[in-house]
Each structure stands twice: as structure tokens, then as C-alpha cells.
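Each remark here refers to the structure printed beneath this line.
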Amino acid sequence: MKHIILSFSLILLAGSARLEAHAFLKDAEPGVGSTVQASPNEVKIRFTENIEPAFSSIQVFETSGKEVDKRDVHLDHSDRTLLHVSLPPLGAGIYKVVWRVVSVDTHVTNGSFTFRVSR
């Protein structure tokens, strides 16, 4: 019986270690679902793992579906978990951020969120 419990515990631990190897969104600026008073200069997304910038992207879209970011996604020089993309001045409205990242261990994750500019 002890062998069965030990084996089951090892399987659970191995499974949870695999899940932690993926890069998930940790925090963002502007924040997920937030309302900001003024147009942000950029979107920054921090992930739970280091990112491979050559295979990662952030795109920002207005409600019509037009991409509005400056298409200059780059990894932060001092934090390999932080991606940036620059923005032009944005008008009032809701914007959708779409991201796709490859962590340094080659796992792919993606997602999206919105933020609102209220001015």
C-alpha cells in the first residue's frame, strides 16, 4: 500500500512540475480589465517564466479589429520575463491585447485581455 501511495505522489509531483514550466501571464500594465485615464505609452506583460523573444508577440487592437501597436515587441533588458510593445496615442475606447509567448523551455502559451482608455 505504501508503494502505491508513493507512486501516486510521484506522478502528481511530476505533473505539477510540468505545469510550472509554462510561461503564464503574471501581471500587465495597463492591468487586465483596467480603466486608465490617459493613453499608455506601451503595454508591458510579465510572465511566470523567462521568454524567448524571437518567438513571442504582443498585439493591441481597437474594437474595429485594427492593430494599433507599433509592432516593436521587445524583451526587457533587465527582466527576461517582461515583454513590451509601444503604443501611439490612443483615443477613448476599449483595446484588446493578444499575446503569444514561447518560454525558454519551448512551451507555448497564449491569451488575451482588454483595457479601457477613458479620456
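Segment Ser112..His77, full-extension length gain: 10.2 nm, with 0.36 nm per residue of separation and the alpha-carbon distance subtracted.
Expressed as a whole percentage, what fraction of the accessible surface of segment 18-119 belongs to carbon and sulfur atoms when a 1.4 Å probe is rolled over the protein heavy atoms? After summing per-atom areas, the C and S share lands at 49 percent.
Applying 1/(1 + (r/R0)^6) with R0 = 25 Å to the Cβ-Cβ distance of Phe55 and Ile94 gives a FRET efficiency near 0.35. Within the straight-line cut-off of under 16 Å between alpha carbons, none of the aspartates and glutamates are reachable from Lys66, sequence neighbours fewer than 8 places apart in one chain being disregarded. Summary of packing: across the peptides 89-95, 52-58, 41-47, the per-residue average of other C-beta atoms within 10 Å ranks them, highest first, as 41-47, 52-58, 89-95.
Modelled spin-label separation between Asp27 and Arg46, with each label point placed 7 Å from Cα along the Cα-to-Cβ direction: 0.4 nm. Counting only protein heavy atoms and a 1.4 Å probe, segment 32-81 has 61 square angstrom of accessible area per residue. Extending 7 Å from Cα along the Cβ direction at Asp105 and again at Ser39 yields two label points whose distance is 4.1 nm. Taken over segment 47-119, the alpha-carbon convex hull comes to 97 cubic angstrom per residue.
The values are calculated or read from the model by the stated rules, or taken from the named source; none is laboratory data. Computed from a predicted structure; not experimentally measured. So basically every Cβ, Gly included, is an ideal-geometry build from the backbone, and we count neighbours across all protein chains shown. Heavy atoms of the whole protein, side chains included, go into the accessibility calculation; ligands, DNA and RNA do not. Shrake-Rupley method; radii C 1.70, N 1.55, O 1.52, S 1.80 Å.
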